[in-house]
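The values are calculated or read from the model by the stated rules, or taken from the named source; none is laboratory data. Here the structure is a predicted model, which is why all the values come from computation and not from measurement. Areas reflect the complete protein model, heavy atoms only, side chains present, ligands, DNA and RNA absent. Shrake-Rupley method; radii C 1.70, N 1.55, O 1.52, S 1.80 Å.
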Amino acid sequence: MLFQVEMTVKLPPSMPAEQAAEIKATEKAYAQDLQRQGKWRHLWRVAGSYSNVSIFDVEDNAELQELVSNLPLFPYMEISVKPLCRHPSSIREDDS
Ligand SMILES: O=C(O)CC1=CCC(=O)O1
């Protein structure tokens, strides 16, 4: 199942820079591992913001919930999820 996930990062201004850098580094490693597994298909920065738009390819809602809630930045993000399905006018032969 494909989902569009939009994440907006809102770190508290009071968070020490070292702690923020550590969480971001852990987040990066986690995100890159999921990309290598093919579960996090796309990761795009929304220009001019501290938000991303991502496409996840997971088994079901429960797997999406597990992956997203384990993001190191999860406590510091606003997240919106949209389920996706094929558009009847798409010329792609698969869902890539
Ligand atoms: O910077 C972001 O948009 C949050 C984030 C998601 C994966 C990652 O490495 O950073």
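Miscellaneous remarks
- By accessible area, using a 1.4 Å probe on protein heavy atoms only, the range 12-96 has 53% of its surface on carbon and sulfur.
- Hull shadow area, averaged, the chain [alpha-carbon convex hull, nm²]: 7.0 nm²
- Accessible area (Å², per residue) of the chain, counting only protein heavy atoms and a probe of 1.4 Å: 68 Å²
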